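The values are calculated or read from the model by the stated rules, or taken from the named source; none is laboratory data. Everything numeric in this text was worked out from a predicted model, so none of it was measured. Virtual Cβ from ideal backbone geometry, glycine too; neighbours counted across all protein chains shown.
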Amino acid sequence: MAFAAIKADGSVVSWGNPRFGGTCIQVVWIASYTDSYKAGNTAFAAIKANGSVVTWGCATFGAFAAILVGGSVVTWGDSQSGADSSAVAALLTEGVVQVVATDGAFAALKANGSVVTWGKGGRGGDSSSVAEFLAEGVAQVCGNCGAFVARLSNGSVVTWGDPWGRFAIAVPEDTDVVHICPTSIHAFCAFKANGSVVTWGSPHFGGDSSKVAQHLTEGVVQVCGTNTACAALMIDGSVVTWGDDAAGGDSSGVASLLTEGVIELFSNYKDFVALKADGSVVFWGDTGFCGGAFAAIRQNGCVVTWGDDAEGGDSSEVAALLTEGVVHICGIEQAFAAIKADGSVVTWGQQVVGGDSSAVAHLLKEGVIAVF
């Protein structure tokens, strides 16, 4: 893992694990402002203002797909992860407006409402079983770890990819779905026009919400998940949880604090955090889980951290730099980076993955506008 920062002059600074895009390339000079920047698990790609792309990081794992101005798609990286799109190349020459991915396949949504897929068949690269539904009328596509779901213009949903075995909760046969999203690595949810939510996927990963279904019939405004549990924010500011009790599915210990006033939910691998309108936070999940941390910016610009010390929960070494002026925090596995109002960056957490930015500290004193 590694961090990369975009500076106001269009340059990029990276640090962290050199295998995954860290100190092996400390600075990539961009001729003009970097318009977009995306990070995979093991590599980075920077889009320059002139439309060209610069990449760095691990060259043997993962894949990228780029949409060109004319709507065509170019892919590169590991052929086993979706980099080989030759089988559908003729369908990717024009009209593509969005590309989404699982951990081994891609799906491209075209302007005519059709979807083209490629990559590992079992991870969603083979959509032949639902091809008739993907020929037209697709309004939205998203993916989780191994499956895709498409929302059609008539409000129905279609899924393909890893079914997560015979234990998977069936896909709802609804026709008034207005939004779809993944809730965990093996589950999805659909928001309906009446404000209700339905879920499906592995019951071990939050796909089964039947125990709280009566609370999800209206007024749902946000759903987020840990690895194996889910939480829904209701319009009245209350929170409903389900899934693995040990990973946040059981919020009974803080239930009295989740009946009102919550404005946003956050999560990591095993824990949830609810931000309330009064500025307080409520957290629950696997308190004994060794791994995972949170960082919060207070109204005065200072930062508070908690969780596993080794994962970034302990920011004491840089505490003096986090007392004011922080405007944004970026977290990756085991480390955090904070951007301050003066354009400087402060990092903490595991050194090897980006918690230690000392090698490029002179480049992070000013001018940073984004960190990934």
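Pull out all pairs, ordered by first then second residue, where Cβ-Cβ is under 8 Å, the residues are six or more apart or on different chains, the first lies in the range 220-243 and is charged (D, E, K, R), and the second is surrounded by fewer than 20 Cβ atoms within 10 Å (Cβ to Cβ).
Here the result reads Asp236/Gly219; Asp236/Glu260, each pair linking the range 220-243 to a residue that is surrounded by fewer than 20 Cβ atoms within 10 Å (Cβ to Cβ).
Looking only at the range 308-318, decide whether some residue is under 27 Å from Ser344 (Cβ atoms), without any contact (Cβ under 8 Å) to a residue 40 or more places away in the chain and either touching a Lys or Arg at 6+ places or on another chain (Cβ under 8 Å) or among the hydrophobic types (A, V, I, L, M, F, W, C) (or both).
Yes, the conditions are met somewhere in the range 308-318.
Specify the residue that is surrounded by the fewest Cβ atoms within 10 Å (Cβ to Cβ); the eligible residues are those in the range 73-95 that are modelled with pLDDT of 95 or more and β-branched (Val, Ile, Thr).
In this case the residue turns out to be Thr93.
Can you tell me which residues in the range 124-149 are touching a residue at least 40 places away in the same chain (Cβ under 8 Å) and in a loop (DSSP other than H, G, I, E, B)?
Gly125, Asn144, Cys145, Gly146
Where the second residue is at pLDDT below 85 and the first is in a helix (DSSP H, G or I) and lies in the range 4-25, which pairs have Cβ atoms under 7 Å and are six or more apart or on separate chains?
Short answer, once both residue conditions are applied: Pro18/Cys24; Arg19/Cys58; Phe20/Met1; Phe20/Ala2; Phe20/Thr42; Phe20/Ala43; Phe20/Gly57; Phe20/Cys58.
Restricting to the range 335-352, and then to whatever is among the hydrophobic types (A, V, I, L, M, F, W, C) and touching a helix residue (DSSP H, G or I) at 6+ places or on another chain (Cβ under 8 Å), can you tell me which residue is surrounded by the fewest Cβ atoms within 10 Å (Cβ to Cβ)? Write out each step before concluding.
Step one: filter the range 335-352 for residues among the hydrophobic types (A, V, I, L, M, F, W, C), giving 335-339, 341, 345-346, 348, 352.
Checking the rest, the ones that are also touching a helix residue (DSSP H, G or I) at 6+ places or on another chain (Cβ under 8 Å) come to 335, 338, 346, 348.
Working: Ala335: 26, Ala338: 26, Val346: 22, Trp348: 27.
The qualifying residue surrounded by the fewest Cβ atoms within 10 Å (Cβ to Cβ) is Val346.
Taking the residues in the range 285-296 that are touching a residue at least 40 places away in the same chain (Cβ under 8 Å) and part of a strand (DSSP E or B) as candidates, determine which candidate is farthest from Gly237 (Cα to Cα).
Residue satisfying both the conditions and the ranking: Ala293.
Quick test for you: out of Ser129, Ser114, pick the one residue that is small (Gly, Ala, Ser), over 20 Å from Phe61 (Cβ atoms) and modelled with pLDDT of 95 or more.
Working: Ser129 fails: modelled with pLDDT of 95 or more.
None of the other options fit; the residue is Ser114.
Residue by residue through the range 175-198, note down the ones that are of a type outside the set (Gly, Ala, Ser) and either free of Cβ contacts under 8 Å to residues at least 40 places away in the same chain or touching a Lys or Arg at 6+ places or on another chain (Cβ under 8 Å) (or both).
Thr175, Asp176, Val177, Val178, His179, Ile180, Phe191, Lys192, Asn194, Val197, Val198
Condition first: touching a His at 6+ places or on another chain (Cβ under 8 Å) and of a type in the set (A, V, I, L, M). Can you find one or more residues in the range 336-353 that meet it?
yes
From Gly253, Gly285, Gly313, grab the single residue that is closer than 16 Å to Cys224 by Cα and not aromatic (Phe, Trp, Tyr).
It is Gly285.
From the set of residues in the range 353-372 that are surrounded by fewer than 20 Cβ atoms within 10 Å (Cβ to Cβ) and in a strand (DSSP E or B), which is farthest from the chain's Cα centre (by Cα)?
Across the range 353-372, the extreme among qualifying residues is Ile369.
Any residue in the range 110-123 that is within 22 Å of the chain's Cα centre (by Cα), of a type in the set (Lys, Arg) and part of a helix (DSSP H, G or I)?
Yes, there is a match, as at least one residue in the range 110-123 is within 22 Å of the chain's Cα centre (by Cα), of a type in the set (Lys, Arg) and part of a helix (DSSP H, G or I).
Considering each residue of the range 123-142, count those that are within 17 Å of His186 (Cβ to Cβ) and surrounded by fewer than 22 Cβ atoms within 10 Å (Cβ to Cβ), and give that number.
Qualifying residue count, the range 123-142: 1.
So, in the range 49-65, of the ones that are on the phi < 0 side of the Ramachandran plot and in contact (Cβ under 8 Å) with a residue 24 or more places away in the chain, which residue ends up farthest from the chain's Cα centre (by Cα)?
Only one residue fits best here, namely Ala49.
If you scan the range 290-318, which residues turn out to be of a type in the set (A, V, I, L, M, F, W, C), out of contact with any Gly (no Cβ under 9 Å at 6 or more places or on another chain) and surrounded by fewer than 21 Cβ atoms within 10 Å (Cβ to Cβ)? Can you show your working first?
Taking the range 290-318 and keeping what is of a type in the set (A, V, I, L, M, F, W, C), we get 290, 293-297, 302-304, 306, 310, 318.
With the extra rule that they be out of contact with any Gly (no Cβ under 9 Å at 6 or more places or on another chain), the set shrinks to 290, 296-297, 303-304, 318.
Once the filter is applied, which keeps residues that are of a type in the set (A, V, I, L, M, F, W, C), out of contact with any Gly (no Cβ under 9 Å at 6 or more places or on another chain) and surrounded by fewer than 21 Cβ atoms within 10 Å (Cβ to Cβ), the range 290-318 yields Cys290, Ala296, Ile297, Val304, Val318.
If a residue has to be more than 16 Å from Gly124 (Cα to Cα), aliphatic (A, V, I, L, M) and not in a helix (DSSP H, G or I) to count, how many in the range 80-95 make the cut?
Final tally of qualifying residues: 1.
For the range 268-289, enumerate the residues that are of a type outside the set (Phe, Trp, Tyr), crowded, with 16+ Cβ neighbours inside 10 Å and touching a helix residue (DSSP H, G or I) at 6+ places or on another chain (Cβ under 9 Å).
Asn268, Lys270, Asp271, Ala274, Lys276, Val282, Gly285, Asp286, listed by residue number.
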